[in-house]
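Asker: One structure coming up, written as structure tokens, with questions to follow.
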């Protein structure tokens, strides 16, 4: 452990961490609602894109359990990362480092939600999807937050799987299995994660340095980070074809994904050519557009299912 990391570990949190003063809003913030919104949306798309039928009531339970599991992961992440959250401007006002909620309360809240979400999904829907949800929570908290985040610049690459599982969990709730269609949705999010978070890391590099988190710009340098962003952005090109080829998406998705990914590549290339002393404008634009890109791709799949457009493969058969 570096001297800087040791210093962070020994830093007391804000006054008031004895707990008991947290409001409903503080506990809601503990769930990472912005992250949860993406989880819920991609899970809904997975539910609709899956072949087969699920009763609307059980579909609602599935999405509720996935949301609870995502919130549990967020709470456990904030419990474990309270020390580094306290020194980063972006996270210093979170409920645990700010003192609104005590670490033990966040831990208990996260564990209770984890257990409740998995048991509810298993008992009311099916145990295959519940097992996958349990693994998703485990992956985010243990493998990513505890095992990878503070120890390797590949934290985002490997840890990105945690955010990619929700549509697969929802798909499994319908089909009781994991197949190529659900894997194609998983890969969309998985391959999107590195350029999304590394563009953020470029203009938040100072925060990560203060916290001792080995994000790629802090370890390999900005030039290598920009090169990796460009490489992973290029890898999105074959990745976007998979939902169409596996039957999870149709022609509307195929056309929209091609246009959106062309814009993504233009933004990523601007980051690759970005001159550092001109600021991080290109990185901020890529970060913002990457969120739009992912939401739009999944929205196209959802629209296709709602209006019953045929799958891409069936158009040519």
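Nothing in this text is a laboratory measurement; each read-out follows from the coordinates by a stated rule. Nothing here was measured: the structure is a model prediction, and the numbers come from that model. Backbone-built Cβ (ideal geometry, glycine too); neighbour counts: all protein chains shown.
Asker: Provide a single number: the residues in the stretch 139-155 that are within 16 Å of the chain's Cα centre (by Cα) and not in a helix (DSSP H, G or I).
Answerer: The number of residues fulfilling the criteria is 2.
Asker: Being surrounded by fewer than 16 Cβ atoms within 10 Å (Cβ to Cβ) and over 23 Å from the mean Cα position of the chain (by Cα) is true for just one of 219, 255, 263. Which residue is that?
Answerer: 255
Residues checked against (1) touching a helix residue (DSSP H, G or I) at 6+ places or on another chain (Cβ under 8 Å); (2) without any contact (Cβ under 8 Å) to a residue 40 or more places away in the chain; (3) buried (at least 19 other Cβ atoms within 10 Å of the Cβ); (4) closer than 14 Å to residue 121 by Cβ:
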{"residue": "37", "(1), (2), (3), (4)": "no, yes, no, no"}
{"residue": "57", "(1), (2), (3), (4)": "no, yes, no, yes"}
{"residue": "62", "(1), (2), (3), (4)": "yes, no, yes, yes"}
{"residue": "90", "(1), (2), (3), (4)": "yes, no, no, no"}
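Asker: Answer with yes or no whether residue 72 is buried (at least 21 other Cβ atoms within 10 Å of the Cβ), in a loop (DSSP other than H, G, I, E, B) and either in contact (Cβ under 8 Å) with a residue 60 or more places away in the chain or over 17 Å from the mean Cα position of the chain (by Cα) (or both).
Answerer: no
Asker: Criterion first (in contact (Cβ under 8 Å) with a residue 12 or more places away in the chain and either surrounded by 22 or more Cβ atoms within 10 Å (Cβ to Cβ) or farther than 25 Å from residue 297 by Cα (or both)) does residue 169 satisfy it?
Answerer: Judged against the criteria, residue 169 is a match.
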